[in-house]
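This report concerns only the one structure given below.
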Amino acid sequence: MTSCTTQIGKLVQQSCIGFKVLRRAVHQHAEAQIQVQSARETSLSSWTAQHVSNFSTKHLSDRVKSRSKRMILDILGVGLIGSTTVFSRDMQEFVEVTDRISSSEPALIWGTNNRRASPAMAAYINGSNCHSMDFDDTWHPATHPSSPILPTLLALADFLPENCKPSLEDILVAFNCGVQIQGVLLRCSSQSKNIPNRLHPPAIVGVMGSAAASAKLLGLGPKKCLHSLAIAASFAGAPMANAGTLTKPLHAGKSARSGLEAALLADKDFEGNKNILDMESGFGAFFSDYDPCSLLQEVQMSENLILHNQDIAIKSYPCHLGMHWAIDASLQVRKQITDYYGELDASFVKSIEIFAPKSKYINRPVPATEHEARHSFQFTACSALIDGLVSPATFKFQNIEVERKNLYTLLQKTTIINPSDNMPCFDTMYVDVLVTLKNGEKFSARCREPYGHWRKPMKDADVKKKFMENSSLLPKYQQEKIIKLVSHMSAKTMSNELSNLLSS
């Protein structure tokens, strides 16, 4: 079977001259171009294309740089621990059948001993690994912004010839470009502000962000940036029904892969609808209340990137973000009980009530798999109560009733209550946990924002600690070198210096 490397190799190599020239021109003339664009653009599609093409370090405030470097370090660690899963093994076996994996291919599969694939397939595997444990960052409106982007950029950078290798600063700029485009498109609809119930956002805005980031890294002009987005729109979409299954992580991976391919196709003069972001039958097909005109006015008036004003949630626990409210509240309740009684006896618990927003796909009384458990208020709250922690090991089980008898006992006593004032929105929701013991005593706690939430950001030391734990398959000197490189993202350091450190 012919490798994707052969099929796309010539495309990327032919882009190198344009990549170098356009990148230099963009850096030299960004401010003037931005002023011209804001005066001329009258459609969201053309504004976005110009925005991507003109995007440069001048857009990055110190706050944006700091936040995005934290995101990059975190997603590298999350991708590395994801590479150790059975899911990742099966993904690699799939690629061995459908494409090819060998040390002679260009793009590294993170966490492996120099196993490599075509850029599209490496982006697919690494992007999927980043979401395999639902440990990747989350934004508001809801999406996982990093997992569809960074795997794309490092795979594409691996593939570019030596004389066209981007610097880590180029990666930082392209990464933020992809984050920005996702943030812009997430604000197109009031529906997107709530926990999604129809379509999974990383499969909608993620592929658009991946395409924008890829087009930026390749140095494409406005026309080709626009067509990158138009092509990517036809690769977008995935139903929320697959939440809690092995398919959900593929949403991030396929967005990473498809966005990369969209930019390469656009560079070869493939075209899509030039009004893709302005039409109800274009990107508006994903949202019934799509409003591109208001969105255009909003973004044209904004002085800063969205990331400057809206921080990211970096997760403390490897599960759906909504679970973090229940976990933190449950840990508070556990402390109250153990401070008083010295232990929490599952048999002495009469009932557990969880007051949480209504959302069907995260209400799972007795999950049967680890992926269902990552989307279960009941499982995560009871695990926190009985174990005093929630970690990757929490979700490793075959049969809860047999292997986790105390946990199973608590699950039988747990009820979800949906208060009418508690909307399913990561920015406004709360979770109360009330435990009633058989002697009638009650212990309760409320969480309004879990640790790591954008209003309660994880400390830098804890971001590094999470990375060290998640990347423990690597030697310590490699881990420390990665932290150092990401903390600078220097224009003098080539991307392969970081990528090569991701090999175990």
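Side notes on the structure shown:
- Selection among Gln180, Leu277, Phe379 by position relative to the dipole of the chain gives Gln180 as farthest towards the positive end (Cβ unit charges, Cα centre).
- Pairs of Cα atoms in segment 378-504 fall into 5 Å distance bins, from 0 up to the last occupied one, in shares of 2, 8, 12, 14, 13, 13, 12, 9, 7, 5, 3, 1, 0, 0 percent.
- Computed from Cα positions, the angle between helix 321-341 and the longest principal axis of the chain comes to roughly 30 degrees.
- Stretch in the chain that is longest and holds no GluC sites (Glu not before Pro) that DSSP places in a loop and that have at most 15 other beta carbons within 10 Å: 1-270
- Tilt relative to the chain, helix 292-301 - C-alpha long axis, 0 to 90 degrees, to 10: 80
- Prolate/oblate/rounded label for segment 106-185 (Cα gyration tensor, a/c 1.5): oblate
- Rounded to the nearest 20 debye, dipole of the chain from Cβ charges on Lys, Arg, Asp, Glu: 520
- Placing +1 on each Lys and Arg Cβ and -1 on each Asp and Glu Cβ, with no other charges, gives segment 338-439 a dipole about its Cα centre of roughly 320 debye.
- Note on segment 406-450: the alpha carbon radius of gyration divided by the globular reference 2.2 N^0.38 Å gives 1.38.
- In the chain, inverting the average of 1/r over every pair of distinct C-alpha atoms gives 23.1 Å as the Kirkwood radius.
- Portion, in percent, of the accessible area of the chain that falls on carbon or sulfur, probe 1.4 Å: 49
- Relative contact order [Cα under 8 Å, 6+ residues apart], the chain, whole percent: 20
- Against the criterion of solvent-accessible heavy-atom surface with a 1.4 angstrom probe, Lys224, Lys360 sort, most first, into Lys360, Lys224.
- Anisotropy class of segment 236-294 from Cα gyration tensor, a/c 1.5 cut: oblate
- For segment 385-504, the solvent-accessible area with a 1.4 angstrom probe is 52 square angstrom per residue.
- Accessible surface ranking for Ile417, Ile125, Ile231, 1.4 angstrom probe, highest first: Ile417, Ile231, Ile125.
- Residue-averaged [θ]222 nm for the chain, counting only DSSP H segments that reach four residues, each worth -39500 (n - 2.57): -16500 deg cm²/dmol
- Segment 169-321: C-alpha gyration tensor shape, a/c 1.5 cut-off, then a/b vs b/c: rounded
- Accessible-area value, Leu220, 1.4 Å probe, nucleic acids and ligands omitted, Å²: 10
The values are calculated or read from the model by the stated rules, or taken from the named source; none is laboratory data. From a predicted model like this one, the values you see are computed outputs, not experimental measurements. Glycine also receives a Cβ, built like all others from the backbone with ideal geometry; neighbour counts cover every protein chain displayed. For the accessible areas, the whole protein counts, side chains as well, though only heavy atoms, and no ligand, DNA or RNA atoms are used. Shrake-Rupley method; radii C 1.70, N 1.55, O 1.52, S 1.80 Å.
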